[in-house]
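Everything below concerns the one structure shown next.
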Amino acid sequence: MRFRAKIVDLACLNHFSRIINTIAKLAKTCILRLTVCKLYFILSDKVANGGASMWCELSQGNFFDEFQMEGVAAEHNEIYLELVPENLSRALKTAQNAKAVKIKLTNKHCPCLSVAVELPSLSSSSRIVTHDIPVGVIPRRMWNDFREPSVPDFDVSIYLPALKTMKSVVERMKNLSNFIVIEANLSGEMNLKIETDLVSVTTHFKDLGNPPWASEDGCQSSAQGRDLESMAEACIDIKKLQQLLAGQQVNPTKALCSKFNSSACEFQLNIVRKRIVHFILLHEEVSLQYFIPAVA
C-alpha cells in the first residue's frame, strides 16, 4: 500500500487548499478514499441519529502534477484513510507561496500523511517544512460503510440564491430558533422560515430557477402534471445549515439544491419532503454533496 503525490502549480495548490478548508469546516473527522483517478472526502454520520453526511469528489489530474498509488491489493486498488481535515488544512496554510508540495503515506510510529512543503529561499538551497498528520487505515471489510450515499427521489430541485445573502439571513435566524424550515416549488420560489411560540419569520426568494434533470433512461424529466406552486418543505437543524454556508470557500457562480450533472459552477438544493435536504456544489472539477436530515 503506497501513496505519493506532488503539486507544483500554485493555482492548483490554492484551489486544493480552499477545498480542504471547506471540508474542515464541515467535518471534525472524515474518510479520505484514494483511487487511481480520484480522491474522495467522506463524512458518513448516521442519518437516523440526526447526523449530516458529505461526499466530496475530486479528479486528481486537475490538481496534482504527480500522483502514484498502490492499493491494498490488485483487485482492490484503493486506500481508505481516516483523518482530521483540520490538520491537513493547517499544513496547507504554510504552503501559500510554496514552490511545491509533496504528500506521501508514511509510517512514523503510526500511519501518517506526510506533507512536505518546499518554500522559496534566498539561498540556493530550498527550505522544506514537513507536517506528519496521523491517519487511521480503514480495513477492507469496512469499505462498504463509505460508499456514495443514495438519494431518494426528490420532490423539488432548485437553484440557490447568492450564498452571501443566504448566509446573512440564516445567521440572523439562528439567534431566534434552533430549527429552520426550507420550502421550495417548481416555479423557482424558495422560503426560509422559523416559527416559535414568540415569533414567526419568513424570507422569500423568487425567480431562482429549477434545474432540469435526466431520468435513468436518459430522458429529461418534466414537471408536466405536477403542481408548480406546491411547496415541498423540510425542517432541519439551523446550525448544520449555517455550518455549510459559513464553510463554503469554493465560490460557485450558481447554487442549487439538487444532484450534480455537469462540470458547470453551480450550487443546488434537493428537497425530499419532510425527510432530507440535499445540497450539491459543482465547481469545475469538484463536486460536493451535503445531506442534512429533516427533524420531526
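Could you list, in sequence order, all residues of the range 58-72 that are touching a helix residue (DSSP H, G or I) at 6+ places or on another chain (Cβ under 9 Å) and either open to solvent by 30 Å² or more (accessible area, probe 1.4 Å) or under 11 Å from Ile7 (Cβ atoms) (or both)?
Of everything in the range 58-72, those that are touching a helix residue (DSSP H, G or I) at 6+ places or on another chain (Cβ under 9 Å) and either open to solvent by 30 Å² or more (accessible area, probe 1.4 Å) or under 11 Å from Ile7 (Cβ atoms) (or both) turn out to be Asn62, Phe63, Phe64, Asp65, Phe67, Val72.
Can you tell me which of Lys104, Lys108 is without any contact (Cβ under 8 Å) to a residue 40 or more places away in the chain, among the basic types (Lys, Arg) and open to solvent by 40 Å² or more (accessible area, probe 1.4 Å)?
The conditions single out Lys108.
If I go through the range 13-32 residue by residue, how many of them are under 16 Å from Ala91 (Cα atoms) and in a helix (DSSP H, G or I)?
Number satisfying all stated conditions: 13.
Assess whether Asn77 counts as being under 20 Å from Leu105 (Cβ atoms), open to solvent by 50 Å² or more (accessible area, probe 1.4 Å), touching a Gly at 6+ places or on another chain (Cβ under 7 Å) and in contact (Cβ under 8 Å) with a residue 12 or more places away in the chain.
yes
Just a yes or no: is a residue in the range 118-141 at positive phi and either in contact with a helix residue (DSSP H, G or I) (Cβ under 8 Å, 6 or more places away or on another chain) or free of Cβ contacts under 8 Å to residues at least 12 places away in the same chain (or both)?
No: zero hits.
Mind telling me which of the residues Phe41, Phe3, Phe67 ends up being closer than 27 Å to Ala294 by Cα and of a type in the set (Phe, Trp, Tyr)?
Only one candidate passes the filter, namely Phe41.
Would you list the strands (runs of 3 or more DSSP E) that sit entirely within the range 173-276 and hold 2 or more residues that are at pLDDT 85 or above?
179-184, 190-195, 200-205, 232-237, 266-272
Specify the residue that is farthest from Arg90 (Cα to Cα); the eligible residues are those in the range 126-167 that are in a loop (DSSP other than H, G, I, E, B) and open to solvent by 70 Å² or more (accessible area, probe 1.4 Å).
Asp153
Which condition breaks for Val170 when tested against (1) open to solvent by less than 70 Å² (accessible area, probe 1.4 Å); (2) in contact with a Ser or Thr (Cβ under 8 Å, 6 or more places away or on another chain); (3) of a type outside the set (Ser, Thr, Tyr); (4) in a helix (DSSP H, G or I)?
For Val170, the failing item is (2).
The values are calculated or read from the model by the stated rules, or taken from the named source; none is laboratory data. Note that the structure is a prediction, hence the values are computed from the model and not measured. Cβ: placed from backbone, ideal geometry, glycine included. Neighbour counts: every protein chain shown. Heads up: the accessible areas ignore ligands, DNA and RNA and are worked out on the full protein's heavy atoms, side chains in. Shrake-Rupley method; radii C 1.70, N 1.55, O 1.52, S 1.80 Å.
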